[in-house]
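Inspection log for the structure reproduced underneath, given as structure tokens.
Only the coordinates and a few stated rules stand behind these numbers; no lab work does. What you are looking at is a predicted structure, and each value in this text was computed from that prediction instead of being measured. Backbone-built Cβ (ideal geometry, glycine too); neighbour counts: all protein chains shown.
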Amino acid sequence: MPVYEYQCADCKHITEFLERFDNKEPHECEKCHSGKMSRILSRFGSVSGNSDGESFDGEDSSSGCSSCSLDNCSSCGI
């Protein structure tokens, strides 16, 4: 089952719910207990690989990791 994020219209608190795609049950804010919750778009990460097992994260970089300039980074294991 996917995880969906909902934002409270009253206090703007964001809460995650594990639910079926076709769930129509209303949610209650865990912070202020308002019933005015709206589903919001969530950010997510994705990495795909080729047949050789190499990964591609969409970044065109000569370094091994898009978050640093090193070719081999011990913090991310690349």
*Within 10 Å of each residue's Cβ, count the other Cβ atoms and sort 14, 40 from fewest upward.*
40, 14
*Please work out how much length the chain gains when fully extended from residue 5 to residue 32, using 0.36 nm per residue of separation minus the C-alpha to C-alpha distance, in nm with one decimal.*
8.1 nm
_Spatially proximal lysines relative to residue 12 (Cα-Cα < 16 Å; intrachain offsets below 8 disregarded)_ = 31, 36
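Go ahead and run the numbers for FRET between residue 23 and residue 46, Cβ-Cβ distance against an R0 of 22 Å, rounding to 0.05.
0.35
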*Pop out the ³J(HN,Hα) list for the stretch 32-45 in order, Karplus 6.51 cos²θ - 1.76 cosθ + 1.60 with θ = phi - 60°, rounded to Hz; leave Gly and Pro as x.*
10, 6, 6, x, 9, 10, 10, 5, 10, 6, 9, 7, 8, x
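Counting other C-beta atoms within 10 Å, which of 12, 31 has the fewest, and how do the rest follow?
By the 10 Å Cβ count, ascending: 12, 31.
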*Report ³J(HN,Hα) in whole Hz for each residue of the stretch 18-30, in order, from the Karplus equation J = 6.51 cos²θ - 1.76 cosθ + 1.60 where θ = phi - 60°; Gly and Pro get x.*
8, 8, 5, 4, 8, 5, 10, 5, x, 10, 10, 5, 6
